[in-house]
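Some notes on the structure that comes next.
Values in this text are rule-based calculations from the coordinates and carry no lab data. Nothing here was measured: the structure is a model prediction, and the numbers come from that model. All Cβ positions, even for glycine, are placed from backbone atoms using ideal geometry, and neighbour counts span all protein chains on display.
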Amino acid sequence: MTTSTEPFQASWFTRNKLKVAPFLFLAPALFFFCVYVVIPIFQSLQLSLFEWNGLYNADGESTATYIGLSNYTKLWNDPNFWVSIKNNILWIILYMLAIPAGLFVALFLNQTVTGMRFYKSLFFFPFVISQVVVGLIFGWFYNPDFGVIAKVWQLFFCEEAINIVGNVTIKCRVPVPDILSSPDWATYGIIFAGLWPQIAYCMILYLTGLNNVASEQIEAGRLDGAKGWKMLWYVVLPQLKPATFIAVIVTIIGALRSFDMIAIMTQGGPYGSTNVLSHYMFEVAISEYGERYGYGSAIATVLFGIMMIFISYFLWRMYQDEKRGT
Amino acid sequence: MFPYPIAKSTPRFRIAYQAFLPIALILWLLPLIAIFLTSVRGSKDINTGNIFGWPTEFKLFENYHAVFTQTEALKYLTNSVLITLPTVAISVSLACLAGYALAIYRFRVALPLFFLFVAGNFVPFQILMVPVRDMSVQTGLYDTIQGQFLFHAAFQTGFCTLFMRNFIKALPFDLIEIARVEGVAEWKIFWFVILPLVRPALAALSVLIFTFVWNDFFWANVLTQGEQVKPITAGVRALNGQFVNNWHLVSAASLLAAVPPVFIFFLMQRHFITGLTLGAVK
């Protein structure tokens with residue numbers, strides 16, 4: 001008996017080895033990924049139709065109540081939501097400046113001088129350090145009392161005066177701007193800070209891209225008399241297309257994901273004027289006034305929908321590459 | 001090479017370029033230089049409003065010593081290490097297996113599963129926040145080190161799988177064919193043929209994931225409450241609140257938070273950059 005089944009079993013496995021093996025290799029990653037990423041996405045989508053403060057009854061049942069699309073109608077009439085959307089758009093548009101700026105820095109650094117590697121890595125620094133730290137630094141820069149901006153401002157618009165008691169005071173013709181406390185300027189201040197690491201990221205993408213630009217084409221272009229901008233536009237940039245594509249994707253995703261700097265620099269204020277969807281969602285879902293998981297999930301769903309546009313485009317491009325590849 | 005190599009241009013231009021390079025670098029890193037100078041100031045400078053000028057006294061040792069003795073910075077840094085290292089180990093190993101499966105075998109759902117990992121890696125954190133937090137509370141993982149690294153590991157598996165799959169796909173397939181003809185078991189092919197070949201990818205991935213997770217701030221806020229398990233990013237924010245007028249200490253702590261990723265980057269620079277661009281810019 002045993003002698004006849006054993007070879008049979010072995011041969012079944014051998015015959016199906018190539019079908020079974022990939023799933024065995026995939027199982028742990030897939031399981032983990034589903035538990036923490038895939039399933040929560042669907043739970044969030046579902047939760048956006050509920051009102052829930054995150055609590056459970058004594059018998060362990062969730063206290064969530066189904067309210068249909070109410071969260072979404074509330075969102076539609078929520079001025080903070082529209083401010084967040086507006087700021088998200090502002091972030092995306094201004095963040096895009098990181099791409100030409102990164103290209104510019106990359107072109108500047110794409111030389112072979114002694115110590116160039118060292119320079120390149122130092123230029124990349126801002127991307128490596130935490131955005132929390134970047135936010136803190138720029139917060140100090142913008143400080144109207146002692147920040148760099150204030151110091152420069154004082155140089156032009158202020159003079160020292162000695163008051164009656166004999167203390168030195170600083171009188172300004174135009175008051176020092178308090179960027180992060182101004183509803184009109186705070187968002188621009190944060191985006192500017194965010195551009196610093198993002199430019200470094202785009203720079204490294206372009207430096208790698210420039211490494212692979214076909215030198216024969218450049219030489220051919222030179223023989224044809226192409227120089228400077230023309231060379232850049234007609235010969236170099238087309239070859240940098242893959243780098244540009246990735247730069248655009250990571251910049252858009254980075255802009256939509258911006259959370260750390262806002263949390264550090266303004267916490268969405270003043271008066272909610274610097275909120276973006278990612279921060280507003282956090283503020284709504286976990287606030288001091290109790291948890292509003294349902295409403296927060298509705299905001300997250302909107303953000304997810306916006307992101308999915310770009311993710312789908314990215315996947316579609318990847319799919320095209322795959323088809324061509326095989 | 002583009003732009004035109006500086007070595008071939010006029011000497012005057014070459015000198016101008018080499019002189020401008022350090023100036024540009026200083027301007028570019030001005031924020032970091034400023035925070036470093038602040039971190040070595042004495043409290044006299046801070047009180048007189050000299051935050052960005054040249055320090056009147058240098059207290060490098062005293063300040064950094066104070067950060068370790070007067071604040072919880074050491075605890076935060078330890079937590080960051082305890083969260084980051086297991087994340088790297090788990091996500092990279094899982095992704096090796098998954099990437100191997102997706103790159104080598106031809107089965108119908110290979111591409112859709114691959115895209116699932118890619119898409120998952122790009123989703124906004126907020127869509128995961130409430131369920132993950134709720135699940136952590138339910139399972140007792142809320143406000144623990146494990147709760148944090150388990151989540152990070154699972155999330156980073158998406159990016160790691162994207163990376164490993166593309167890397168393995170680019171290896172010569174003949175190697176596997178030959179091994180199969182020889183009758184080598186599948187897991188042995190993975191272990192003895194593929195794994196030695198993907199070592200550079202492992203290094204690249206590890207340094208990248210280390211940096212990503214070390215710098216995380218959002219999940220530190222979502223999955224923790226107390227001071228006991230906070231990583232350094234959240235810790236720096238807490239310090240910033242507690243030590244309102246001690247900028248020299250806060251900036252010293254911030255720089256400490258930045259040191260490990262910067263150090264790792266310098267150490268494994270080449271790997272880091274391949275990591276950031278692979279699967280993208282070849």
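General remarks:
- 10 Å-binned pair-distance histogram of region B:6-68 (Cα, whole percent): 20, 32, 21, 15, 11, 1
- Between residue A:117 and residue A:59, the modelled label-to-label distance comes to 6.9 nm, taking each label 7 Å out from Cα in the direction of the beta carbon.
- Computed extension length for residue A:152-residue A:267: 38.8 nm, one decimal, from 0.36 nm per residue of separation with the Cα-Cα distance subtracted.
- Modelled spin-label separation between residue A:239 and residue B:33, with each label point placed 7 Å from Cα along the Cα-to-Cβ direction: 3.5 nm.
- Applying 1/(1 + (r/R0)^6) with R0 = 35 Å to the Cβ-Cβ distance of residue A:108 and residue A:181 gives a FRET efficiency near 0.50.
- Computed over chain B, relative contact order equals 28 percent, with contacts defined as Cα pairs under 8 Å that lie 6+ residues apart.
- Here's the list of lysines a cross-link from residue A:17 could span, going by alpha-carbon distance under 16 Å and ignoring same-chain residues fewer than 8 apart: B:188.
- Each label was represented as a point 7 Å from its Cα along the Cα-to-Cβ direction; for residue B:12 and residue A:309 these points are 5.2 nm apart.
- Remark: mean inter-chain Cβ contacts per residue of B:24-35 equal 5, using a 10 Å Cβ-Cβ cutoff to other protein chain atoms.
- Calculated FRET value between residue B:180 and residue A:322, using beta carbons and R₀ = 25 Å, to 0.05: 0.60
- Annotation: lysines with alpha-carbon distance below 20 angstrom to residue A:120 (same-chain offsets under eight excluded): B:282.
- Model label zone, residue B:242; criterion: amide N under 19 Å from point 7 Å along Cα-to-beta-carbon; scope region B:70-84: B:70-82
- Gaussian network model of chain A, springs between alpha carbon atoms under 10 Å - residue of A:122, A:207, A:97 with greatest fluctuation: A:122
- Relative contact order of region A:78-195, taken over Cα pairs closer than 8 Å and 6 or more residues apart, is 24 percent.
- Residue range of chain B that is longest and free of chymotrypsin sites (Phe, Trp or Tyr not before Pro) which are both DSSP loop and sparsely packed (at most 12 other C-beta within 10 Å): B:59-172
- Over chain A, Cα pairs under 8 Å with separation of 6+ residues give a relative contact order of 26 percent.
- Using the Cβ-Cβ distance between residue A:165 and residue B:227 with R0 = 51 Å, the FRET efficiency computed as 1/(1 + (r/R0)^6) comes to roughly 0.70.
- Couplings for region A:39-55, taken from phi via the Karplus curve 6.51 cos²θ - 1.76 cosθ + 1.60 with θ = phi - 60°, read 5, x, 4, 5, 4, 5, 4, 5, 5, 5, 9, 10, 10, 7, 9, x, 9 Hz in order; Gly and Pro are left as x.
- Average other protein chain Cβ within 10 Å of Cβ, residues B:3-12: 3
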